[in-house]
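A.B. asks: I'd like to ask you about the structure that follows.
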Amino acid sequence: MEMHPPNVVHPAPVQQTVVQTVPATQVVIAEGRPQDHFGCALFTCLCCFWPTGIVALVFSCQVSQKLNDGDYAGARDSSSSANLWWKITLGIGIALWIIGLIMIPVYYFVILPAAFLSSFL
């Protein structure tokens, strides 16, 4: 057995503290430029039903004007209105085509022959 002199102080084990800083998590929501839907609005105005197609074109043109003025909320609203109106115009155009495709044969095969026969009676 080994003996130590009585006045010798043994060093205590060294305790280390490590401090790490963690960067805060940042969430960045980047909104893109709102679509103007100009192509769809122009197509439906020319090919489907022009009265509501003009409304879609007006809202479509407002998108870029409001973006240039820095009104991003207004541009987003105009974009969604243009989107709504060209879809309404397309629906009206499709409905008119369907009605036309039904009415033309009815006219030629039912109404016109009945009028022709009634002129002889």
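A.B. asks: Any chance you could count how many residues in segment 47-64 are more than 18 Å from the chain's Cα centre (by Cα) and among the polar types (S, T, N, Q)?
C.D. replies: The total comes to 1.
A.B. asks: Considering each of Ile104, Ile92, Ile88, Ile98 in turn, give the residue that is over 32 Å from the mean Cα position of the chain (by Cα) and surrounded by 10 or more Cβ atoms within 10 Å (Cβ to Cβ).
C.D. replies: Ile104
A.B. asks: Any residue in segment 49-64 that's in contact (Cβ under 8 Å) with a residue 40 or more places away in the chain: show its pairings with residues that are assigned to a helix (DSSP H, G or I) and among the charged types (D, E, K, R) at Cβ separation under 6 Å, as long as the two are six or more apart or on different chains.
C.D. replies: Once the first residue is in contact (Cβ under 8 Å) with a residue 40 or more places away in the chain and sits in segment 49-64, no partner that is assigned to a helix (DSSP H, G or I) and among the charged types (D, E, K, R) comes close enough.
A.B. asks: Test Ala114 against the stated conditions and say whether it is more than 16 Å from Thr52 (Cβ to Cβ) and surrounded by 14 or more Cβ atoms within 10 Å (Cβ to Cβ).
C.D. replies: Criteria not met by Ala114.
A.B. asks: Quickly run through segment 1-35 and pick out the residues that are acidic (Asp, Glu) and at pLDDT 75 or above.
C.D. replies: Answer for segment 1-35, where residues must be acidic (Asp, Glu) and at pLDDT 75 or above: just Glu31.
A.B. asks: Six or more apart or on different chains, Cβ under 9 Å: which pairs go from a residue in segment 73-88 that's assigned to a helix (DSSP H, G or I) to one that's surrounded by fewer than 17 Cβ atoms within 10 Å (Cβ to Cβ) and hydroxyl-bearing (Ser, Thr, Tyr)? Could you list them?
C.D. replies: Correct list of pairs: Ala75/Ser64.
A.B. asks: If only one of Thr44, Thr25 is surrounded by 14 or more Cβ atoms within 10 Å (Cβ to Cβ) and over 17 Å from the mean Cα position of the chain (by Cα), which one is it?
C.D. replies: The unique qualifying residue is Thr44.
The values are calculated or read from the model by the stated rules, or taken from the named source; none is laboratory data. No experiment lies behind these values; they were computed from the predicted model shown. Positions of Cβ are generated from backbone atoms using ideal geometry, with glycine treated the same way; all protein chains shown enter the neighbour counts.
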